[in-house]
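Written below as structure tokens is the structure these notes are about.
The values are calculated or read from the model by the stated rules, or taken from the named source; none is laboratory data. All values derive from a computational prediction rather than experimental measurement. Glycine gets a Cβ as well: all are built from the backbone with ideal geometry, and neighbour counts include every protein chain shown. What goes into the accessible areas is simple: the full protein's heavy atoms, side chains included, and nothing from ligands, DNA or RNA. Shrake-Rupley method; radii C 1.70, N 1.55, O 1.52, S 1.80 Å.
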Amino acid sequence: MPRSVLNNTVIPLLRQLTKKLGEQQAKNELRWMTDHVRKAITTKHTVEHTTNARLWRDQCAPSAEETELASKRFSSVQWAWLRQAVHDRVETNKPLQYILGTQPFGNATVLTRPPVLIPRWETEEWMLKLADMIRAENTGLLNVLDACTGSGCVALGLACALPRGSVHITGVDISQDACELALENLARNKAKQAVEFQCVDLHEQSVASELMSRRVWDMVVANPPYVTPAEYAELDPDVKDWEDVRALVPGDPTSDLDQSGLSFVVRLAQLTRELGLADGESTKLPRLVVEIGGAHQVDGARQAMHDNGFNLTEVWKDMAGIDRVVLGYHKT
Amino acid sequence: MNALRALKARPMRALVRDSRLSGLLNTGTAHRYATTAQPKPSFPPGSELAGKSKLTAQIHEKLKIMQYKHNKILEQMTGDISGMEREDMARLAKEQSNMGMIVVPYEHLLKQYSELLELEQMMNADDPDLRRLAREERQEVLENVATCENDIINGLLPKDSAESAGAILEIRAGTGGDEASLFCADLLHMYEKYAQLRKWKLETMSMDSEGDKIKEVVLKVSGRGVFGVLMFESGVHRVQRVPATETQGRVHTSTATVAVLPHATNVNIVIKESDLRIDVFRASGKGGQHVNTTDSAVRITHIPTGISVENQQERSQIQNRERAMQVLRARMYERERSRLDLERRASRNKLIGSGDRSEKCRTYNYAQNRVTDHRINFSMYNIEGMMNGTALQIVIDQLRIQHDLDELASMDDFDYISPPSQ
């Protein structure tokens, strides 16, 4: 029985990947790449084309077994893509998500494109936990602001995880690339709620009043940049070389003003107060949900929230045991 | 002493099992010969004309007793019912209907047997037309006999609810290195094709493969009655052929292990969140925005039982967790089920269906074009058909027949009453 060609030419690719990633992960990534190639990079030659070509040359049409084998083999276009993909992955440290173009996030599939930040699993985890919380509370329509939305993952993840009509989400980001990508993601994932995206610089003073004029806000969620300038220098090349620095490091990376990485969290706490969320009756749901970088930022974040009227704060750990999310409630 | 005399009429086995009296009675050899003679189990008259019956003589005896009991209950129900309580009436009705499911086909069967006797007489008649008529009728009666026997068997066999559900099929390469991995892939292909024929849905839960070589694959097969069919596949499959990797053309033997677990419905298994330890393979470090990881591997360990399941098939951790949970539930269900099964069948010595992973079940010999199932000693000369999935049904049918016969032969949940005086 003839063995497929896969066996012989996939091995060098696997070897290349193994050098960078280790055996198991290399196998996984290669499998995902080959799955992607099969689905997304379609070959132009159909069975009909091959049959016609053969008959024209007075040869036999391809048998059923041959077409089956051919469908398992990759075309030259597909091979070229695979080789390029592995080369990029290994030599230029291009993240797999940028190569494949997508990343699953909750119930949604998020398109990814450099330099927009790739959704992290920690974000996915707290997003789903928050969605469970919102679903359990079963309040009326919530107006949620997703700050630093990037690819729109949190906004769309929440929209897909919640029942119809329970939430209206507005995602904002300073980067034009991010907003474009977010709109593409919105078109791709048919969310059951109203979601909109806008390109806004949250550091501007007029932002709060502008947002207030539009609707009454109930919650602000965010995955803001929290990498400190010192840490940024130490990051892996597949993050540093490819993802937008504005999505990682808050403030101006060239100035030494903020070494804690918390400046954006502080700004968010201020903004949330300006949106009127530090007043009113106490509710079971948090008013402000912010992702942080770890234990070194917990105290700073909690302090910033307390200073802005959120008198009860909570910290969630992610599955690796690192302090990942700080939530601010307003209790009377 | 009346009780003792009544007991003497029962067969020996029942006496020994009756622990209340084991202290009183001397159950030694002398007593064995002192019991009243029990008529030897025999077939009903006319059954020999129907050819080899699936039901043994003992079963016919048991069915006779059942029929007697059934008639007694009917008498009770139609007789003087004024003195009976409502619960008693309901209980009798329920018993009667349960027994009726077996007794009615049995009575029908006996009628068929008597018809066969009559037809036999007709067959020896002088008139050729009459003989021809008899032959045709005989054909019909034989078919009826087969249907009745099947009905009786279906009624008698214990219903295993797991058999009607889906299954989780695990194929692992055994001894033989690369050749075993290639054989594992061939087995996967066989089951895929078979599932296509049966119109079942296949889903790959996890696959550990390199090109054409598969070290381990876990599939979820959904459909009706899947487990009842695939449960015979558990065991060690052995292949004897010239491997594709062989340079000199020698025949090698290698193995693959197949395990089939019933796919647990969520209703039966209760898994407490607190009993689970979910490990995610994470490099130590800051995580979050600092790192871009594609590692979505999840390992779930159920602490009380120690069962652990790992999955890194999909790119999303959530999806991997869900798949690992499904396999975990199936393994826990299988553990519980096989424990109960083992208890129930401790005294039996069955060939098939114990699902023990280490028992040798089948040999595939390419040189002789032969597939042999060792449990029923059945050989088939069609490797190509087998590996295509088309001929697999033949072997499974044979296994199913043997399984049913085994079950039937070792059933002992009839209670004994004094047999009808003949």
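What is the percent carbon and sulfur in the accessible area of segment A:286-332, measuring with a 1.4 Å probe over the protein chains and ignoring ligands? Carbon plus sulfur share of accessible area: 49 percent.
Which positions within segment A:292-332 get 50 Å² or more of their accessible surface covered by the other protein chains, compared to the chain by itself, with a 1.4 angstrom probe? The answer is A:319. Computed over chain A, the alpha-carbon pair-distance distribution with 10 angstrom bins reads 5, 22, 29, 19, 12, 7, 4, 1, 0, each value a whole percent. Normalised per residue, the accessible area of chain A is 46 Å², obtained with a 1.4 Å probe and no contribution from ligands, DNA or RNA.
With all protein chains present, how much of the accessible area of segment A:197-243 (probe radius 1.4 Å) comes from carbon and sulfur, to the nearest whole percent?
Working: 1070 of 2130 Å².
That share works out to 51 percent.
Burial annotation for segment B:209-237: residues with an accessible-area loss of at least 50 Å² between the isolated chain and the complete set of protein chains, computed on heavy atoms with a 1.4 Å probe, are B:210, B:212. Since only A:195, A:206, A:171 are under comparison, the one whose Cα sits farthest along the positive direction of the charge dipole of segment A:167-217, derived from C-beta charges on Lys, Arg, Asp and Glu, is A:195.
When the surface is traced with a 1.4 Å probe over the full set of protein chains, residue A:113 keeps roughly 90 Å² accessible.
Applying 1/(1 + (r/R0)^6) with R0 = 22 Å to the Cβ-Cβ distance of residue B:400 and residue B:137, what FRET efficiency is obtained, to the nearest 0.05? Show your work: numbers first, answer last.
Values: r = 31 Å, r/R0 = 1.39.
E(calc), rounded to 0.05, equals 0.10.
Segment B:148-209 and segment B:74-134 have their alpha-carbon centroids 40 Å apart. Buried accessible surface for the A/B pair, both sides summed and rounded to the nearest 100, is 3400 Å² with a 1.4 Å probe. Note on chain A: helix-only mean residue ellipticity at 222 nm, from DSSP H runs of 4+ residues weighted -39500 (n - 2.57) and normalised by residue number, equals -14500 deg cm²/dmol. What part of the accessible area of segment B:138-280, given as a whole %, is carbon or sulfur when the probe is 1.4 angstrom? Carbon-and-sulfur percentage of accessible area, whole number: 46.
Peptide A:28-34 has a mean of 4 when you count, residue by residue, the C-beta atoms of other protein chains within 10 Å of its C-beta. When the square roots of the Cα gyration tensor eigenvalues are ordered a ≥ b ≥ c, the ratio a/c for segment B:91-205 is 1.5 or more and a/b does not exceed b/c, which makes its shape oblate. Can you give me the relative contact order of segment B:106-238 as a percent, contacts being Cα pairs under 8 Å and 6 or more apart? In percent, rounded to a whole number, it is 24.
Projected label points at residue A:56 and residue B:58, each 7 Å from Cα along the beta carbon direction, are separated by 7.5 nanometres. Each Cα pair under 8 Å and six or more residues apart adds its separation to the average, and for chain A the resulting relative contact order is 13 percent.
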